[in-house]
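Chemist: Can you keep this structure in mind? I'll have questions shortly.
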Amino acid sequence: MLNFKMTAKKAYIHTFGCQMNMHDSEKMAGILLNEGYTLTDAPQDADLIVFNTCSIRQKAEQKFRSELGRTKSLKKKNPFLRIAVAGCIAQQQGRGIIKNNPQVNYVFGPQNLQRLGDMIRTGESVVLTEDNPEISDSDLPVLRKDGIRAWVSIMYGCNNFCSYCVVPYTRGREKSRPARSIYEEIRKLASAGFKEVTLLGQNVNSYKSEIDFGGLLKQIDAIEGIERIRFVTSHPRDLSEDLMGCIKELPKVCEHIHLPLQSGSSRILKIMNRGYTYEDYMRKADKLIKEIPGIAITTDIITGFPSEAVDDHASTITALRAVEFDGIFAFKFSSRPGTKAAVMDEKVPDFVKSQRLAEILKLQDEITLKKNKALEGTIQEVLIEGASKADKGKITGRTRTNKIVNFSRGNVSPGQIADVRIVKAMRHSLEGSLISKDEDFQ
Ligand code: SAH
Ligand code: SF4
Ligand code: F3S
């Protein structure tokens, strides 16, 4: 008698890019699990390799290209290996990817990821890049590794067409997910023991279904078991008084907002098509700082946008000093095919972009440290995540303002919220000491 031993097929998922892409990978992992796959960290052991790609800057694209190149030899060793290219590069380049890389079997954009299961069951060379707005209505299985914090999609796509950005081309038009299915997903997460949700969208404050973003936050705030609500990304133009009120009043909405400024120069903001001026931004930032004590504001900056002159750059420096962001992500402008900025004149030379970037990062390092130092001696509410990566003897978690705190183990476990006194502040993390309950009542 023959003995057949069933071994599950293995999939390796390599993710590039933003939180939205990482969450899309969790959805793909959920689909693959339903298809009988297990996940592996070793591409050489995989039966299926999925690249979930990002095309936001040239560097992200180059990283993917070199990883894809390596799969040629893997495919030679294992002709049954299947390779899928998903995400934003897949959407932009479609069939061209298979043409130039014959080892690739499947190409599909972010709006078609729900069809991954069908794809791997059918034949070779599937390319799916058509617009598929129904993505916002599909409730997909999600494989989450962390049992405490979860990403939840609330909207898809973007309508803003900032002149440098590929996202509206790769993710299609903005579409909000129905509030009911968001609510149901989060209620299930709460029952499964999750404590924190991060609502994801390119421009979450323009969320609109039966209710608006404020309404959605109010509904989620009422879900028992969820302790913290975060959201990314907010567009400064659409940051309303109502949303500020929600951050201030709703107990679970954390006092942190990621509010990408991009440039401190109103002239540059205009040609970026951002829809606000420096003054508009500052008015909103001032209000946030005044009305929500201790709020952390983080931002994104692009250096060397076409025609950016010395005084435009100086305005960005002024903005950084004025707001004193808690943290920033700063990037050199990267020309992306198909965007308006790609064909703008007066490109800034790369070494100037680099100099400006270095100056911005140096200044921000000082500001971040100063802001963190101001927390020394304060008591912060920390959601405990687990053992610290840097020091296994310690435990790690985050403040409501999203700062990492490491402290010695006490009688607490992951998922709990503890009061921690900040004893030392560094640039990237804080050191704390757990406050015992007795001290609490003194
Ligand atoms: N939806 C968010 C950001 C999405 S992309 C928003 O509107 O702010 C994340 C960041 O990448 C952007 O904020 C921007 O700072 C940066 N970025 C996007 N396109 C870029 C490009 N072509 N070159 C350099 N940085 C870019
Ligand atoms: Fe890109 Fe602008 Fe949309 Fe953000 S708002 S995703 S920067 S087009
Ligand atoms: Fe995200 Fe990159 Fe696409 S930042 S939306 S994966 S281009």
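Chemist: If you check every pair at least six apart or on different chains, which have Cβ atoms under 8 Å apart with a residue in the range 204-233 that is over 20 Å from G193 (Cα atoms) first and a residue that is in a loop (DSSP other than H, G, I, E, B) and aromatic (F, W, Y) second?
Modeler: What qualifies is F213/Y207; L216/Y207.
Chemist: Among the residues of the range 81-95, what is the count of those that are of a type in the set (V, I, T) and within 16 Å of ligand 2 (Cβ to nearest atom)? Give the steps one after another, and end with the answer.
Modeler: Going through the range 81-95, the residues of a type in the set (V, I, T) turn out to be 83, 85, 89.
Add one more test, that the residue is within 16 Å of ligand 2 (Cβ to nearest atom), and what stays is 89.
Total meeting the criteria: 1.
Chemist: Against the conditions (1) assigned to a loop (DSSP other than H, G, I, E, B); (2) open to solvent by less than 20 Å² (accessible area, probe 1.4 Å); (3) within 16 Å of ligand 3 (Cβ to nearest atom), where does R173 fall short? Just the number, please.
Modeler: So the condition that R173 fails would be (2).
Chemist: Hey, among Q19, Q44, which residue is within 14 Å of ligand 1 (Cβ to nearest atom), of a type in the set (S, T, N, Q) and surrounded by fewer than 16 Cβ atoms within 10 Å (Cβ to Cβ)?
Modeler: Working: Q44 fails: within 14 Å of ligand 1 (Cβ to nearest atom).
Within the list Q19, Q44, the selection yields Q19.
Chemist: Next question, about the same structure. Quick check on my filter: what residues within the range 163-197 are under 16 Å from the mean Cα position of the chain (by Cα) and either away from ligand 1 (no atom under 14 Å from the Cβ) or among the charged types (D, E, K, R) (or both)?
Modeler: The answer is R171, E196, V197.
Chemist: List the strands (runs of 3 or more DSSP E) that sit entirely inside the range 370-416 and contain at least 2 residues that are at pLDDT 95 or above and open to solvent by 50 Å² or more (accessible area, probe 1.4 Å). So that I can check it myself, show each step before the final result.
Modeler: Numbers: elements: 379-387, 394-398, 404-408.
By residue number, 379-387.
Chemist: Here's a follow-up. Among what's in the range 124-144 and is open to solvent by 40 Å² or more (accessible area, probe 1.4 Å) and more than 25 Å from the chain's Cα centre (by Cα), pick the residue that is nearest to F64 (Cα to Cα).
Modeler: In this case the residue turns out to be S125.
Chemist: Grab the helices (runs of 4 or more DSSP H) fully contained in the range 1-114, keeping just those with 3 or more residues being of a type in the set (K, R). Spell out the reasoning first.
Modeler: Details: elements: 19-34, 58-77, 87-93, 96-100.
Hits in the range 1-114: 58-77.
Chemist: Please pick out the residue among T303, T298 that is more than 30 Å from Q93 (Cα to Cα), within 16 Å of ligand 2 (Cβ to nearest atom) and not aliphatic (A, V, I, L, M). I'd like the intermediate steps shown before the answer.
Modeler: Details: T303 fails: more than 30 Å from Q93 (Cα to Cα).
When all the criteria are applied, what remains is T298.
Chemist: Starting from residues that are of a type in the set (A, V, I, L, M) and surrounded by fewer than 18 Cβ atoms within 10 Å (Cβ to Cβ), keep the ones in the range 331-354 and report whichever is farthest from ligand 2 (Cβ to nearest atom). Can you show your working first?
Modeler: As a first pass, look at the range 331-354 and keep what is of a type in the set (A, V, I, L, M): 341-344, 348, 352.
From the residues that got through so far, the ones that are surrounded by fewer than 18 Cβ atoms within 10 Å (Cβ to Cβ) too are 342-344, 352.
On the way: A342: 14, V343: 17, M344: 16, V352: 22 Å.
Here the residue is V352.
Chemist: Pairs needed: first member in the range 338-362, in contact (Cβ under 8 Å) with a residue 12 or more places away in the chain; second member anywhere, surrounded by 14 or more Cβ atoms within 10 Å (Cβ to Cβ) and in a helix (DSSP H, G or I); C-beta distance under 6 Å; at least 6 residues apart or different chains.
Modeler: Close Cβ pairs (under 6 Å, with a partner that is surrounded by 14 or more Cβ atoms within 10 Å (Cβ to Cβ) and in a helix (DSSP H, G or I)) amount to G338/Y169; R356/H313.
Chemist: Within the range 51-67, track down each residue that is touching a residue at least 12 places away in the same chain (Cβ under 8 Å), more than 15 Å from the chain's Cα centre (by Cα) and more than 14 Å from ligand 1 (Cβ to nearest atom).
Modeler: Passing the criteria: F51, K63, F64, E67.
Chemist: May I pose another question? Is there a residue in the range 81-95 that is modelled with pLDDT under 95, exposed (fewer than 15 other Cβ atoms within 10 Å of the Cβ), farther than 24 Å from V166 by Cβ and out of contact with any Asp or Glu (no Cβ under 8 Å at 6 or more places or on another chain)?
Modeler: Taking every residue of the range 81-95 in turn, none turns out to be modelled with pLDDT under 95, exposed (fewer than 15 other Cβ atoms within 10 Å of the Cβ), farther than 24 Å from V166 by Cβ and out of contact with any Asp or Glu (no Cβ under 8 Å at 6 or more places or on another chain).
Chemist: Mind listing whichever residues of the range 118-150 are assigned to a loop (DSSP other than H, G, I, E, B) and in contact with a Ser or Thr (Cβ under 7 Å, 6 or more places away or on another chain)?
Modeler: So the first thing to find is which residues in the range 118-150 are assigned to a loop (DSSP other than H, G, I, E, B), and the list is 122-125, 129-132, 138-148.
Within the range 118-150, D139 is the sole residue that qualifies.
The values are calculated or read from the model by the stated rules, or taken from the named source; none is laboratory data. Quick caveat: nothing in here was measured; it's all calculated off a predicted structure. In this analysis, Cβ positions are derived from the backbone assuming ideal geometry, glycine residues included, and neighbour counts consider all displayed protein chains. Calculation scope for accessible area: heavy atoms of the full protein, side chains included, ligands and nucleic acids excluded. Shrake-Rupley method; radii C 1.70, N 1.55, O 1.52, S 1.80 Å.
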